[in-house]
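Note sheet for the following structure.
The values are calculated or read from the model by the stated rules, or taken from the named source; none is laboratory data. Nothing here was measured: the structure is a model prediction, and the numbers come from that model. Please note: Cβ atoms are built from the backbone with ideal geometry, for glycine as well, and neighbour counts cover all protein chains shown. Accessible surface is based on the protein model in full, side chains and every heavy atom, while ligands, DNA and RNA are left aside. Shrake-Rupley method; radii C 1.70, N 1.55, O 1.52, S 1.80 Å.
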Amino acid sequence: MAPTVTLVLPQILADVAGGRTEHSLAGVDSVRAALDSLAGPYPILARRIRDETGRLRRYVNVYVDGEDVRRRDGLETPVADGQEILVIQSVAGG
């Protein structure tokens, strides 16, 4: 059985991710691979998370088991079976 990680999205992104805030992803070994696996079926979601160069957008934070990937290996941060990837999109207000 392939390793499975859970990718959790904020409600604000659920509309562009099939209406779901939680996605179980099998066979991914990095944050990049997890995001890539959702990019095909949900291209708008992909554009909201990463810019045209493939980098995380400035106001998007991604955590693996509570640790900010920017403080680790960025999109190359490894993920293992049972881990959780949490995507948080900052919402500016005034």
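Structure summary
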quantity: Some residue of the stretch 25-34 being among the hydrophobic types (A, V, I, L, M, F, W, C), touching a residue at least 60 places away in the same chain (Cβ under 8 Å) and over 16 Å from Leu9 (Cβ atoms); calculated: no
quantity: Matching residues, the stretch 50-64, being open to solvent by 60 Å² or more (accessible area, probe 1.4 Å) and under 16 Å from Val91 (Cα atoms); calculated: Arg57, Arg58, Tyr59
quantity: Any hit, the stretch 26-47, residues being among the basic types (Lys, Arg) and within 9 Å of the chain's Cα centre (by Cα); calculated: yes
quantity: Given (1) of a type in the set (A, V, I, L, M); (2) in a loop (DSSP other than H, G, I, E, B); (3) open to solvent by 50 Å² or more (accessible area, probe 1.4 Å), number of the condition Leu86 does not satisfy; calculated: (2)
quantity: Enumeration of residues in the stretch 66-83 that are exposed (fewer than 12 other Cβ atoms within 10 Å of the Cβ) and closer than 25 Å to Val16 by Cβ; calculated: Gly66
quantity: Of residues in the stretch 24-38 being among the hydrophobic types (A, V, I, L, M, F, W, C) and surrounded by fewer than 17 Cβ atoms within 10 Å (Cβ to Cβ), the one farthest from Glu76 (Cα to Cα); calculated: Ala26
quantity: Residue among Val5, Val91 that alone is surrounded by 13 or more Cβ atoms within 10 Å (Cβ to Cβ) and of a type outside the set (S, T, N, Q); calculated: Val5
quantity: Candidate set: the stretch 8-23, residues that are within 19 Å of Asn61 (Cα to Cα) and among the small types (Gly, Ala, Ser); chosen: the one surrounded by the most Cβ atoms within 10 Å (Cβ to Cβ); calculated: Ala17
quantity: Tabulated pairs, the stretch 50-77, first in contact (Cβ under 8 Å) with a residue 60 or more places away in the chain, second exposed (fewer than 12 other Cβ atoms within 10 Å of the Cβ) and in a strand (DSSP E or B), C-beta under 6 angstrom, 6+ apart or interchain; calculated: none
